[in-house]
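A short write-up of the structure that comes next.
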Amino acid sequence: MNKRVSMLFTITAVAVMSATLFGSTYTQTQIAGQSLDIDKMDIDVIEQIHQMGGLQLVMPQAFAETDCGILEQIGRNVVEFNLTGESVELPIMGGKTYNAMTFSGQVPGPTLRVTQGDVVKMTLTIPADEATAHGNDMHASQISSTAFESVNPGETSQYCYIAESAGVFKYHCSGVKLIGMDQHVLSGMYGIAIVDPINGYKKLMVEKTSVSDGNVSLDRQFYDADALEFQLQYNQLYLTDEGNYDSRAMFQHHNTATVVNGMQFGYVPNMAHNLLVNGDVDRNIFVAQPWNGLEYKQYQSQLLFVETDQHVRLFIENQGNEPVFFHIVGEILDRVTQGNRVQSAATETWLLGGSQNMIVDLVFDEPGAYAAVNHDYAAIYTGAATVFVAGDPFGLNPVLVEKGVIPAPVASYAYALGNPSDAVPPMGANSIAHPAQNIHGLMTDDVASEMQASGDYIALWEVIPVVAEMLTS
Ligand SMILES: [Cu+2]
């Protein structure tokens, strides 16, 4: 094929994709007989792209050095990030499973954490027995998108880049030469890269007022940059009754479920919390507790525990197709940062469009339970409710000490139960270490077993019966 013909094919491919994505009148008329009828769209257009051999990106290496050999020798810190692409079956609410696609057997994929200025060496390996090719599109990089080309089963690809900009960035599968990218991402192939600012995070200022001799005045409080950190990634599932990806539902924005870190209602109370608070494993303390039993193991829902008057930092990414109106019931977002630039302070709700992120810094002043939600009611009731518990709102310290579960009163229940591992990002320069972590998340049994074998995490499904025995004896 000569250059001119090849160029024409590329233009046609882009026009077809534009019609798919944007449906402009112009591009529509270029595709004979093709209207934006949803029934035709995901059959005819995608079929045409298939027949053309897929969409090939033709941009030159125009932006930055990506040669690992060169980048590794320039005196920067080099961080290796190794991922695999694996299709696996994972559970969804209601005792069913779905056909998930994952980076390294978990949804979301592992979190990369580096410091601004580091070189990231990204290696994607697709096992020989994997059914399809996969790619890795890394939003933290500024390199030609040709680096994100898909990798076939049995093959490995590698690229390097300098993490120049601080912030939170999505990474996701780029499909098979872009085809099926929607399916791969919405089936679980997404994650985040956290790039810490080279000069560290800033102190947190929280605006308060005080009263003296009848005069009310500003009383600003400052918190050290070090914080207890969590990661929350929002997405949707679009599934058929058989647990397969439903592109028709996606094109219509009719999602089946709203997920946070891959699961609906993954951070709500479970039977152990029922026992501690209500004295009865079967008396639920929350309206929806779908992952309630010990038999769910790493999938049993867990709570996020923080101390009061503690600087908390949340890394949040909207991985999905629909907006996230991030709000914490009972709290105000003390600071909202995007790309290392403060966007807002003391705000109730912050909007994240698709593939957008933010860092929320806040302090929980009062002991209590606080629900982080996507304040879209359709999202809340289909899974986007995440419960934080600050301090000891249920007055459990005396009971736990008396029964010998803990030796002395604790500042948060994380000291007794740990925080869920999938909500905890890797440590950075300004991270406060979590007292303990429990094995939690939408991961395969193999991944959970590896975590358990490492000895770094609590397998609560083994510990809870022991604690329950102590509490009831
Ligand atoms: Cu993929």
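The values are calculated or read from the model by the stated rules, or taken from the named source; none is laboratory data. Computed from a predicted model, the values in this text were never measured in an experiment. As a convention, Cβ positions derive from the backbone with ideal geometry for all residues, glycine included, and neighbour counts pool all protein chains shown.
Below are the figures for this structure:
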read-out	value
All positions within the stretch 170-208 that are at positive phi, within 16 Å of the ligand (Cβ to nearest atom) and surrounded by fewer than 21 Cβ atoms within 10 Å (Cβ to Cβ)	Lys177
Subset of the stretch 112-125 (residues that are under 19 Å from Thr84 (Cα atoms) and either more than 16 Å from the ligand (Cβ to nearest atom) or outside the structural domain of Gln183 (by TED's automatic domain parsing) (or both))	Leu112, Arg113, Val120, Lys121
Unique match (being under 17 Å from the mean Cα position of the chain (by Cα) and either in a loop (DSSP other than H, G, I, E, B) or outside the structural domain of Gln300 (by TED's automatic domain parsing) (or both)) among His440, His434	His440
Inter-residue pairs, beta-carbon under 7 Å, first under 16 Å from Asn318 (Cβ atoms) and in the stretch 173-201, second away from the ligand (no atom under 11 Å from the Cβ) and part of a helix (DSSP H, G or I), 6+ apart	Asp182/Ser247; Asp182/Met250; Leu186/Met250
Test: residue in the stretch 279-298 that is buried (at least 20 other Cβ atoms within 10 Å of the Cβ), in the same structural domain as Leu400 (by TED's automatic domain parsing) and under 23 Å from Ala378 (Cβ atoms)	yes
Residue under evaluation Thr12, criteria (1) surrounded by fewer than 16 Cβ atoms within 10 Å (Cβ to Cβ); (2) at pLDDT 95 or above, criterion not met	(2)
Residue within the stretch 126-136 that is under 25 Å from Gln356 (Cβ atoms), touching a residue at least 60 places away in the same chain (Cβ under 8 Å), within 16 Å of the ligand (Cβ to nearest atom) and not charged (D, E, K, R) present	no
Check on Ile143, among the β-branched types (Val, Ile, Thr), touching a residue at least 60 places away in the same chain (Cβ under 8 Å) and over 24 Å from Ala225 (Cα atoms)	yes
Filter result for Gly94 (surrounded by fewer than 22 Cβ atoms within 10 Å (Cβ to Cβ) and modelled with pLDDT under 95)	yes
Count - residues of the stretch 153-169 that are within 14 Å of the ligand (Cβ to nearest atom) and touching a helix residue (DSSP H, G or I) at 6+ places or on another chain (Cβ under 9 Å)	1
